[in-house]
Amino acid sequence: MRVHKVKKIYTFTAGILLIILYIVIFCFSAEDAEHSSRASVKVTEFLLRLYYGTASGSGGGGSGGGESIADIVPLVEGFVRKLAHFTEYMCMGLLSYSIVALWIRPVWRGWLIVVVQLFLSAGLDEFHQYFIPGRHASFKDVLIDVAGGVTGMVLLAVGRGIFLRLLRRR
């Protein structure tokens, strides 16, 4: 009985985190192109300053080749945006599969359920963006999102496998 109660508590907690993640994704998708781009530029600048050791804002930063951070931002901002898509859905895949893996057997059925959920979530997110001024829907973003989600599922499965092997050695 105790294991069943722990599973229920975990499911509830992960479910709440999943709902929060959906809300965050929806809010980001609801931003018009100007606000979204401004946020992406700020995040990209922060990451570049962090990478070059000037996160405090005291230095001009650069790659050592004479470029300033402002020169580099346009080159990497698109990558940072796609990485954000990937990361959001990696968290979604990890949370969703962690719930499904507790309750659904056989394992392949759980994988299928979560992959369908990822496709639907990513597709609806892009559909939502279609109606936001200056934004557009992109099937490439759907694929990036699903790839992130599947990566989260794989990380969970691999981590679980390692954990179980370590337990067996004791």
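Here is a yes/no grid of residues against (1) assigned to a helix (DSSP H, G or I); (2) of a type in the set (D, E, K, R); (3) open to solvent by less than 50 Å² (accessible area, probe 1.4 Å):
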{"position": "V76", "(1), (2), (3)": "yes, no, yes"}
{"position": "G123", "(1), (2), (3)": "yes, no, yes"}
{"position": "H136", "(1), (2), (3)": "no, no, no"}
{"position": "D145", "(1), (2), (3)": "yes, yes, yes"}
{"position": "M153", "(1), (2), (3)": "yes, no, yes"}
Exercise for review: Give the residues of region 78-100 that are touching a Ser or Thr at 6+ places or on another chain (Cβ under 8 Å), open to solvent by less than 40 Å² (accessible area, probe 1.4 Å) and in contact (Cβ under 8 Å) with a residue 60 or more places away in the chain, sorted by residue number.
Suggested key: Y89, M92, G93, I99
**Study point:** Residue in region 89-105 that is assigned to a helix (DSSP H, G or I), in contact with a helix residue (DSSP H, G or I) (Cβ under 6 Å, 6 or more places away or on another chain) and over 19 Å from G15 (Cβ atoms) present
**Key:** no
**Study point:** Enumeration of residues in region 101-121 that are open to solvent by 70 Å² or more (accessible area, probe 1.4 Å), free of Cβ contacts under 8 Å to residues at least 60 places away in the same chain and farther than 19 Å from T151 by Cα
**Key:** R105
Review point. Only one of (1) free of Cβ contacts under 8 Å to residues at least 12 places away in the same chain; (2) within 30 Å of E45 (Cβ to Cβ) fails for R135. Which number is that?
Key: (1)
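The values are calculated or read from the model by the stated rules, or taken from the named source; none is laboratory data. Here the structure is a predicted model, which means the values were calculated and not measured. Using ideal geometry, Cβ is built from the backbone for each residue, glycine included, and neighbour counts are taken over all protein chains shown. With ligands, DNA and RNA removed, areas are computed over all heavy atoms of the protein, side chains included. Shrake-Rupley method; radii C 1.70, N 1.55, O 1.52, S 1.80 Å.
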